[in-house]
Every structure is written in C-alpha cells, then in structure tokens.
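Notes to accompany the following structure.
The values are calculated or read from the model by the stated rules, or taken from the named source; none is laboratory data. Given the structure is predicted, the values throughout are model-derived calculations rather than measurements. Every residue, glycine as well, gets a Cβ built from its backbone with ideal geometry; the counts of neighbours run over all protein chains shown. For the accessible areas, the whole protein counts, side chains as well, though only heavy atoms, and no ligand, DNA or RNA atoms are used. Shrake-Rupley method; radii C 1.70, N 1.55, O 1.52, S 1.80 Å.
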Amino acid sequence: MSGGSRPADPLGLQPDEMRALGYWVVDRVVGHLEGIAESPAVVTGTPDELRAALGGPPPEDPGDPAAALRTLADVALAHMQHGEHPRNFARVPGPSSYAGVLGEWLATGFNAIAASWTGGSGPATVELVVIDWLRQLLGLPDTTEGILVSGGSLASVTALVVARNEVGAGTVYLSDQTHSSIVRGLFALGFPGSDVRVLTSDGRQRLSVEALREALDADRTAGRRPAIVIANAGTTNTGAVDPLPELAGICAAEGLWLHVDGAYGAPAALCDAGRRLLAGIERADSLVLDPHKWLFQPYDLGCLLVRRHGALERAFRTTPDYLADVTGVDDEVDLRDRGLELSRRGRGVKLWLTFRTYGVVRIRAAIAHGIGLAERAERLVAADPDWRVVTPAQLGIVTFTLRRPAAGRDAYDELAARAAGVAADGSAHLTTTRVSGTPVLRLCTINPRTTPDDITQTLAGLGVGSCIRRGAAG
Ligand SMILES: Cc1ncc(COP(=O)(O)O)c(C=O)c1O
C-alpha cells in the first residue's frame, strides 16, 4: 500500500468536524441526564407536528449535520417516554446506565460485529463472557450456553425453536399471565392453536401446579404429547413468579422442557430478596432475561440461556459455501449459529462495560433499591383508606385501586384519568392495567435514580391521601 493521501470519500467528514459533532452529542446526552428529574417523564407529539419537523422529501443535497443533530435531539428525542426518568413507572421502564450508553457508543463507532469468529472474535468473546457472567449469577450449570438478541420477545422465540428441536413437537403449557409476545411467537413458529394450552392462573397470578397436572393428564389421555412448559419469573402485569421448583420437578419427572421467561424479573436474582422469590430459576432448560430492563442497558438487549450444551447450534447451524472460510474451529464460537441473525452487532460490549464499571456489588444494590421502592409504595397506598393494594410489591411492581370511584364515574376511567393527569403535567408516567378484571394503577419501580420522595410525590399526584398529607407536612 502506498503512503500518499487517499481520494476523498463521498461520505467522509473531516476529523475535526467528526470530533466536534461527537463531543456535541456527548454534551447533549449528559445535559439530558443531568436535567432529567426536572423534565417531563413522557412527551407525545401529534403525527402532523412531528412530520412537519422531521419529514419532507428525501434530502437530495447535503445538509448541515449539526443542525440535523439538533433537530433529532430537540424534536424526535424530546417526544418519547424517557426510560431514565426517575418518575417513569410505566410498563417496564428502561433505566439505562451511562456505562451501558458508553459501551453502546464505542461498539457502534467501531461497527462491532459478532457473527463469525473470524470476523469478530473480540466482540464474540465479550458476548460469551457476559453470557457466562449472567449464567453464574443466575446459578445455571456450566453446560449452559447463550446468545444476545434484541429483547425478550425474540429471546423466547429463539428458545422455543431450540426446545422444539430438542424435545420434538407437542403441546405447550403456559398461564394466562404469560407475556403476549410468547403466544404470538408460538403462532409465528407454527404451533397450532390446539397445541397451546393457556391455563387460568391462581389467585396470586401464578401458573397453578394443579391446573398444569390436570391439563397434562387430560392431554395424555386424549393421546396428545406434552412437550414444553413456559413459566414466568416476574410477570409484566404484577411481578408474580410461578412456582418454579414445583414446575421444574414436574418437567424433570415427565421429560418436558421448562422455559422460564425472566425477561423482566430474572435479574432480581442478583440480590437476596429477589433470589429468595426466584428460587428454582436455575433449573430452567431455557431462561430469558432482558438486560435492557433491569440490568440498566440502553435498548436493545435481550439474553437467552440454554442449559443443554450444543442445543443452540443444533437448532440453528447452517453451513453455506460462502461462510466456509469464516467458520470457527474447536472452541471458536460462530454466534451466527446460535440464533436467527447472521449479521449481528456486538451486543455484549455495553453490558461488559457496565459490569466492569459498577461491579456486581453496585448493580445488586441498584436492583435491591427498586424492590424496596415498590414496597414503600405499597405501604403508602395501604395507609390510605380510600385506596386498596390489589397485588403487593413483588419484584419491583405494585398495583392498587380506588375503593370507590367518584360518583357516576367508571372505575377504569377514573384511574386512567389520574394517570393521564400526572403524565400531562409531566411529573410522572405510569399505566393502568387489570388484575383478574379489576382495573388498577401499576408502578414499576426499577430505576435506581428514583428516590423515596419520587414515590411519595407521584402517589400524591394520583391523590393517594396519605402522601398528600405527608407532602404537605414536608
Ligand atoms: C415478562 C416479559 N416477557 C417478555 C417481554 C418482551 O420483551 P421485549 O419487549 O424486550 O421484547 C416483556 C416486556 O416487557 C416482559 O415484561
């Protein structure tokens, strides 16, 4: 290669400009994080106003990247729910950590790929290392392998492909509290409706062992072949944990595959309180967790762990001629052979940096903090005779309702109006849901930036009287 200057790249920017634009991005993001508690938790635009600022015909001529960056930050990124906001309690917020953001930026800057060993052995090793850290923290055996994907939905679909490949086609059992993405995944994978048994959960929103046994017996009697049990380690609605030890026992005795959806709740196993609730999680054949939820990663990042060595590759390995010379040998892992994606970014980098930066100790403390905040919210609601705790604080989620809605008002409408009220004044973001048909408000309190006072103020904003009095008393 000759040393001289290279011809101009039509997409190239000068190094000084690249630096200046990059530093602007860092300043803007850090400024956003510094002021987040005083900014609205969610802002929703109208299609017209957003299109007016962001749309138009394809830009034919080059533009000013600094101006375009400002438009993105001021308009596009200003109109969203902010996962990092300390009073965003809606669904499952994504309270990402700055170490995670830095890791994401660095990996993207290098266009990190983790598909074939030859082309991405560094990012692949990072991914394999973080998967093994998660395995150890969750207590699965060292036969366990895994893959990082976009999130819980795809991780469970990937798991179900593996499960069917290992145990064969048959009937799948799950509770009515299982995340909707799993039922959608089963149908997308071609599981016929007659092979999907959605069982009514018990009074604590858990998969009923009794109902499972009855369904297994009935199906066997009818000549069906039970194959997979799907358990929840923290449901989205209430944080309920299915009876994992009993389910693992049944699956082991009957040769069924136990898939555990811990997309939301599994990281809680890092701290003592969560570990107690999640006992038995380590017996899963496949386990999903979402680092973009409770491991403080920016979107997107889901993880699948599979206990049986080689099961992922048995389900997904392909050997086209054009990949023959980028195929690893011996213990070199081609991550493209563990899932549905060929080109795939080095997703592990941000999580690796997060663990190296904070250590398990601080991550564990952050998770325990979230569990404690929901317990505080439960106590405050319980102290108000006008409100009722519907499901107690479980893994950072609590649900509650008004005992009597205002005269002439539908119970759901009343709760929705109160949630809309705190969203409209920007002070907080939370959502309604239903528990066994009862309309409730729901708080998911996993953000380590959330303070006890954020909980008190949010409840006061919703009209929880004990909090209003407390607020007035300072
Ligand atoms: C329990 C559970 N499973 C699966 C999912 C789907 O995960 P994702 O949105 O990352 O695809 C969620 C999302 O909130 C969840 O809470």
Worksheet item: With every protein chain present, what is the per residue accessible area of region 196-287 (1.4 Å probe, Å²)?
Response: 36
Worksheet item: Using the alpha-carbon centroid of each, what span in Å lies between region 394-430 and region 236-311?
Response: 30
Item to complete: Order the peptides 273-285, 151-163, 377-389 from the highest to the lowest mean number of other Cβ atoms within 10 Å of their residues.
Response: 151-163, 273-285, 377-389
Worksheet item: So for region 240-354, taking the charge dipole from beta-carbon charges (+1 Lys/Arg, -1 Asp/Glu), which of HIS292, GLY339, CYS251 sits furthest toward the positive end?
Response: HIS292
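Within region 1-56, what whole-number % of the accessible surface is contributed by carbon and sulfur, with the 1.4 Å probe and all protein chains included in the calculation?
Carbon and sulfur atoms account for 58 percent of the accessible area of region 1-56.
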Worksheet item: By per-residue mean of other Cβ atoms within 10 Å, what is the highest-first order of 347-354, 174-181?
Response: 347-354, 174-181
Discussion item. Between ASP321 and TYR299, how high is the FRET efficiency from 1/(1 + (r/R0)^6) when r is the Cβ-Cβ distance and R₀ = 35 Å? Nearest 0.05.
Written reply: 0.50
Worksheet, complete the sentence: Sparse-neighbourhood loop hits (chymotrypsin sites (Phe, Trp or Tyr not before Pro), region 57-148; DSSP loop; Cβ within 10 Å at most 16 others) -> PHE110
Item to complete: Quote the FRET efficiency, to the nearest 0.05, computed for GLU214 versus ALA169 with a Förster distance R0 of 22 Å and r equal to the Cβ-Cβ distance.
Response: 0.50
Worksheet entry | Cut-off 14 Å between beta-carbons: net charge of the residues surrounding GLY190, Lys and Arg +1, Asp and Glu -1 | +1
Worksheet item: Carbon and sulfur together cover what percent of the accessible area of region 110-357 at a 1.4 Å probe radius?
Response: 52
Worksheet item: Put +1 on the Cβ of every Lys and Arg and -1 on every Asp and Glu Cβ in the chain; which of PHE355, HIS429, ALA73 then has its Cα farthest towards the positive end of the dipole?
Response: HIS429
Worksheet item: What does the highest-first list of 417-430, 24-37 look like by mean Cβ count within 10 Å?
Response: 417-430, 24-37
Worksheet entry | 3J(HN,Hα) from dihedral phi, region 88-101, Karplus parametrisation 6.51/-1.76/1.60, rounded to Hz, x for glycine, proline | 9, 10, 7, 6, 10, x, x, x, 6, 8, 5, 4, x, 5
Discussion item. Need the C-alpha centroid separation for region 317-367 versus region 47-70, integer Å.
Written reply: 35
Worksheet item: So, with +1 on the Cβ of K and R and -1 on the Cβ of D and E, and no other charges, what is the size of the charge dipole of the chain about its Cα centre, to the nearest 20 debye?
Response: 1300
Practice prompt. State to the nearest 20 debye the size of the charge dipole of region 110-357 about its Cα centre, where the only charges are +1 on K and R beta carbons and -1 on D and E beta carbons.
Written response: 460
